[in-house]
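Chemist: Sharing a structure, written as structure tokens. Questions coming.
The values are calculated or read from the model by the stated rules, or taken from the named source; none is laboratory data. Everything numeric in this text was worked out from a predicted model, so none of it was measured. All Cβ positions, even for glycine, are placed from backbone atoms using ideal geometry, and neighbour counts span all protein chains on display.
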């Protein structure tokens, strides 16, 4: 049996799980690949930490692994933008296929790396970059190839989903985050998760695959979950909605694609509304297949290793057979991105107002000025500080109109503050 020699960049949580599986499941993986998979060498930061490899297989020089003459396949699991991008570039330029779980590099540099891979006749595979162990990339690329994807809505950050699940039970964001960190679902510095950076990186990859729209995270509207109050989740539940951090992409007018990441209320009967804890899910609508949902563990060493190893097996099988890499598919003209100001959504407002006559008339006048229809209202009597709370659910309106209305509502003489504005998604 032929041998494919693997160079591993990074032996952290995921890298350790990949290395362990290559050693402990060697026979199973090799049979699946049709070739013996041998973990040749690995790059690590600290040589003193225990690893599932012999000391002579380890180095602190990742470039030496990425370009080694005795490595046939490079697996990049370092994470972050640099030096990962440079290492992948070097490996591809040296004619080595690359398997990666790096959503940051792919979000910002994916097209350039894919072009280099095509020029060198090697593969760049990234099943683990979005959704951890959930198969997403291959289904979008192959299984749904006959479809024109019309909509994609996803929960693709397990940290935020865990936090929002606990907030729905009445916990504050700070308390829910602390429990997420204790459970290992959140990093010590959870900034990228809470601010939607991680989800935006992943959405960029999905938008390119599903809609053939060129974008970087800088072009997406992004809003995280900081500042959310359990009270808003309770009001939403009262009206039949669940709050999630959603990554959303859909075809808009004239073929333009809207792409955005932000908290949004979903009807409680939508399949995504039932995805709780650290689970991830992607809900896709195709013009032939209709709605399809992929769900499961979106993170964690073993789950992500599962997706990495699936790519390794596919690449190794091709190497064993000596098959050439298929040329890039012609996806046709790229779709433009729709400016966020032109996106239409329903909206939830929560206002603190003075308990005086005419307040509601002032509010409805502002909404009417911007042609925003009012779907439902909740009004609470004044609390100890004398302010009443008014909750509004609107019908769909352009984002520009909703933002202008928010600014005007905040300036009303009877408004103490606009406590929240949260977008609302439909069940379709």
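Chemist: Applying the selection to segment 373-428, what residues are within 31 Å of the chain's Cα centre (by Cα) and either surrounded by fewer than 12 Cβ atoms within 10 Å (Cβ to Cβ) or in a loop (DSSP other than H, G, I, E, B) (or both)?
Modeler: Within segment 373-428, 395, 396, 407, 425, 426, 427, 428 qualify.
Chemist: Moving on to the next point. Determine whether segment 75-88 contains at least one residue that is closer than 21 Å to residue 306 by Cα, over 29 Å from the mean Cα position of the chain (by Cα) and surrounded by 13 or more Cβ atoms within 10 Å (Cβ to Cβ).
Modeler: So far as segment 75-88 goes, no, none of its residues is closer than 21 Å to residue 306 by Cα, over 29 Å from the mean Cα position of the chain (by Cα) and surrounded by 13 or more Cβ atoms within 10 Å (Cβ to Cβ).
Chemist: Would a scan of segment 322-330 turn up a residue that is surrounded by 14 or more Cβ atoms within 10 Å (Cβ to Cβ), touching a residue at least 60 places away in the same chain (Cβ under 8 Å) and not in a loop (DSSP other than H, G, I, E, B)? Even if it seems obvious, please write down each step before you answer.
Modeler: Residues of segment 322-330 that are surrounded by 14 or more Cβ atoms within 10 Å (Cβ to Cβ), as a first pass: 325.
After this cut, where a residue has to be touching a residue at least 60 places away in the same chain (Cβ under 8 Å) as well, the list is 325.
Next cut, not in a loop (DSSP other than H, G, I, E, B) only: none.
Within segment 322-330 (the criterion being surrounded by 14 or more Cβ atoms within 10 Å (Cβ to Cβ), touching a residue at least 60 places away in the same chain (Cβ under 8 Å) and not in a loop (DSSP other than H, G, I, E, B)), the answer is no, since none of the residues qualifies.
Chemist: Could you please find all residues in segment 39-70 being in a loop (DSSP other than H, G, I, E, B), over 31 Å from the mean Cα position of the chain (by Cα) and touching a residue at least 24 places away in the same chain (Cβ under 8 Å)?
Modeler: Of everything in segment 39-70, those that are in a loop (DSSP other than H, G, I, E, B), over 31 Å from the mean Cα position of the chain (by Cα) and touching a residue at least 24 places away in the same chain (Cβ under 8 Å) turn out to be 53, 68, 70.
Chemist: May I ask you to verify whether residue 361 is surrounded by fewer than 18 Cβ atoms within 10 Å (Cβ to Cβ), farther than 18 Å from residue 232 by Cα and modelled with pLDDT under 95?
Modeler: Against the criterion (surrounded by fewer than 18 Cβ atoms within 10 Å (Cβ to Cβ), farther than 18 Å from residue 232 by Cα and modelled with pLDDT under 95), residue 361 qualifies.
Chemist: Any residue in segment 20-38 that is at positive phi sitting within a Cβ distance under 8 Å of a residue that is surrounded by 16 or more Cβ atoms within 10 Å (Cβ to Cβ) and modelled with pLDDT under 95? List the pairs, counting only those 6 or more apart or interchain.
Modeler: 34/320
Chemist: Can you pull out every residue in segment 287-303 that is closer than 30 Å to residue 251 by Cα and either in the same structural domain as residue 9 (by TED's automatic domain parsing) or in contact with a strand residue (DSSP E or B) (Cβ under 8 Å, 6 or more places away or on another chain) (or both)?
Modeler: Residues satisfying the conditions are 287, 291, 292, 293, 294, 295, 296, 297, 298, 299.
Chemist: Next up: Which residues, taken from segment 172-195, are in contact with a helix residue (DSSP H, G or I) (Cβ under 8 Å, 6 or more places away or on another chain) and under 14 Å from residue 224 (Cα atoms)?
Modeler: 173, 177, 190, 191, 192, 193, 194
Chemist: Here is a follow-up. Quickly run through segment 286-321 and pick out the residues that are modelled with pLDDT of 90 or more and either assigned to a strand (DSSP E or B) or loosely packed, with under 15 Cβ neighbours inside 10 Å (or both).
Modeler: The answer is 286, 287, 288, 289, 290, 291, 292, 293, 294, 295, 296.
A quick yes/no check of all residues on (1) at negative phi; (2) in contact with a strand residue (DSSP E or B) (Cβ under 8 Å, 6 or more places away or on another chain); (3) surrounded by fewer than 24 Cβ atoms within 10 Å (Cβ to Cβ):
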{"position": "132", "(1), (2), (3)": "no, yes, no"}
{"position": "136", "(1), (2), (3)": "yes, yes, no"}
{"position": "139", "(1), (2), (3)": "yes, yes, yes"}
{"position": "144", "(1), (2), (3)": "yes, yes, yes"}
{"position": "147", "(1), (2), (3)": "yes, yes, yes"}
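Chemist: Does segment 251-261 contain any residue that is without any contact (Cβ under 8 Å) to a residue 60 or more places away in the chain, assigned to a strand (DSSP E or B) and either in the same structural domain as residue 161 (by TED's automatic domain parsing) or closer than 30 Å to residue 418 by Cβ (or both)?
Modeler: no
Chemist: Looking at this structure, is residue 272 at negative phi, part of a helix (DSSP H, G or I) and not assigned by TED's automatic domain parsing to the domain that holds residue 101?
Modeler: It is true that residue 272 is at negative phi, part of a helix (DSSP H, G or I) and not assigned by TED's automatic domain parsing to the domain that holds residue 101.
Chemist: Another question about this same structure. Tell me which helices (runs of 4 or more DSSP H) are completely within segment 152-236 and hold 2 or more residues being free of Cβ contacts under 8 Å to residues at least 60 places away in the same chain, or say none if there are none.
Modeler: Result: 173-182, 191-194, 197-211.
Chemist: Contact list please: Cβ distance under 6 Å, first residue in segment 415-426 and in contact (Cβ under 8 Å) with a residue 60 or more places away in the chain, second residue outside any strand (DSSP E or B), pairs at least six apart or on different chains.
Modeler: So the pair list comes out as 415/409; 418/406; 418/409; 418/410; 420/232; 421/406.
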